[in-house]
Amino acid sequence: MSKKLKLLIPFFLFLIAVGFLFKGLFLNPREVPSPLVGKQAPKFQAPVLAINGAGETGKTFTSDEMKGQVWLLNVWASWCVACREEHPLLMEMAKTGKITTYGLDYKDTDAEAQQMLVAMGNPYNKVITDIDGKIGIDYGVYGVPETYLIDKQGLIRYKHTGPLTPEVLLTKIVPLLNELQQ
Amino acid sequence: MKKRVITLMLACLFFISASITFAGVARPLAEDPVLEARLKAMSHELRCLVCQNQTLADSDAPLAEDLRKEIRSQMREGKSDQEVIDYLVARYGDFVRYRPPVNNSTALLWFGPFLLLLIGGFVLYRTLKKQASGEKFEAED
């Protein structure tokens, strides 16, 4: 190797380091890959939140009810600001009628949750309450909102942490949903 | 008169210092100090996922509180430390542990430094050898 080229070695090493650091700028450190993707969704049983005084008061939801369906489990709470941010998108999704979305009301009070859904609309087929956050722990929830896509066999196929965006919906969730529904 | 004032002041001082010491004492220990010690040791090894640079022991986030509660109740049920850690890893992934386990995706993390040490040692060896054979003057011009 000629001497001039040898002198350039540190420069090339520097370029490689810059490349890695540049890539790092676009990574989200808050996004922790869930070990649950590809595994059976944890089973749970919990009270259903009554909305608009509908006949759901005192009813219990069991996750086994969802066998044979592809559905989204959206973890939210009325105290969570980012959930309000994604709410309009959930409403849009609900309007298309193509996605079954169940809400898991995480560490919230029934009254406040009901209030928010009355004020902003209810995008959920049903809302299940998780007052002490135990179901949340089973699903590895660490920052609401979180959204899980669960297939007909009850396997978690995709998890999104943070508010849903149209981009995530169109590039990740909808294609997977179409594939799973076949 | 003077004596009474001094007594009063002393009494005040006594009460103030008493209240200070009481404030310093931690909340009454849970029924099982052994279990609390285990929880404390373990929660220093676990990451709070809300504030990622804090351990479960340091964090005041509601999730950290919930997880400590969950760990406590599992320990009470008689689960071993390893079983509790496995329970958390199954839900939150290896990221929940402050000490990353050795596996394929962390191999570079664990062995990278030794690799660099080897490369550095090799370069040092070559340079020294070169210098010993009198080539250093040649390299400088």
Since B:Ser105 meets every condition but one in (1) outside any loop (DSSP other than H, G, I, E, B); (2) within 17 Å of the chain's Cα centre (by Cα); (3) of a type in the set (S, T, N, Q), which condition does it not meet? (2)
Would you mind telling me which numbered condition in (1) open to solvent by 100 Å² or more (accessible area, probe 1.4 Å); (2) within 14 Å of another protein chain (Cβ to nearest Cβ); (3) assigned to a helix (DSSP H, G or I) A:Arg30 fails? (3)
Out of the range B:28-70, which residues are buried (at least 19 other Cβ atoms within 10 Å of the Cβ), in a loop (DSSP other than H, G, I, E, B) and more than 10 Å from every other protein chain (Cβ to nearest Cβ)? B:Leu56, B:Ser59
Tell me yes or no: at least one residue of the range A:140-156 is without any contact (Cβ under 8 Å) to a residue 12 or more places away in the chain and buried (at least 16 other Cβ atoms within 10 Å of the Cβ). no
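When the residues of the range A:101-119 are filtered to those that are touching a helix residue (DSSP H, G or I) at 6+ places or on another chain (Cβ under 8 Å) and either within 14 Å of chain B (Cβ to nearest Cβ) or of a type outside the set (D, E, K, R) (or both), which remaining residue is most open to solvent (accessible area, probe 1.4 Å)?
Going residue by residue through the range A:101-119, those that are touching a helix residue (DSSP H, G or I) at 6+ places or on another chain (Cβ under 8 Å) are A:101-102, A:104-107, A:116.
Subsequent filtering for residues that are either within 14 Å of chain B (Cβ to nearest Cβ) or of a type outside the set (D, E, K, R) (or both) retains A:101-102, A:104, A:106-107, A:116.
Numbers: A:Thr101: 7, A:Tyr102: 24, A:Leu104: 1, A:Tyr106: 17, A:Lys107: 57, A:Met116: 7 Å².
Residue satisfying both the conditions and the ranking: A:Lys107.
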So, in the range A:120-155, how many residues would count as being part of a loop (DSSP other than H, G, I, E, B), facing another protein chain (nearest Cβ under 10 Å) and touching a Pro at 6+ places or on another chain (Cβ under 8 Å)? 3
Please tell me if A:Leu169 is closer than 15 Å to A:Leu72 by Cα, among the hydrophobic types (A, V, I, L, M, F, W, C) and crowded, with 19+ Cβ neighbours inside 10 Å. yes
Looking at the range A:140-163, which of its residues are within 22 Å of A:Gln181 (Cβ to Cβ) and not charged (D, E, K, R)? A:Thr147, A:Tyr148, A:Leu149, A:Ile150, A:Gln153, A:Gly154, A:Leu155, A:Ile156, A:Tyr158, A:His160
Scanning the range B:71-93 residue by residue, those touching a residue at least 12 places away in the same chain (Cβ under 8 Å), of a type outside the set (Val, Ile, Thr) and within 12 Å of chain A (Cβ to nearest Cβ) turn out to be B:Gln74, B:Tyr87, B:Leu88, B:Tyr92
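Could you list, in sequence order, the residues of the range A:65-94 that are part of a loop (DSSP other than H, G, I, E, B) and open to solvent by 30 Å² or more (accessible area, probe 1.4 Å)? Give the derivation first.
Initial filter on the range A:65-94 (part of a loop (DSSP other than H, G, I, E, B)): A:67-70, A:77-80.
Of everything in the range A:65-94, those that are part of a loop (DSSP other than H, G, I, E, B) and open to solvent by 30 Å² or more (accessible area, probe 1.4 Å) turn out to be A:Lys67, A:Gly68, A:Gln69, A:Trp79.
The values are calculated or read from the model by the stated rules, or taken from the named source; none is laboratory data. Not measured: the values here are computed from a predicted model. Every residue, glycine among them, receives a Cβ derived from its backbone with ideal geometry; neighbour counts consider all protein chains shown. Ligands, DNA and RNA are stripped out before the accessible areas are found, and what is left, the full protein with its side chains, is counted by its heavy atoms. Shrake-Rupley method; radii C 1.70, N 1.55, O 1.52, S 1.80 Å.
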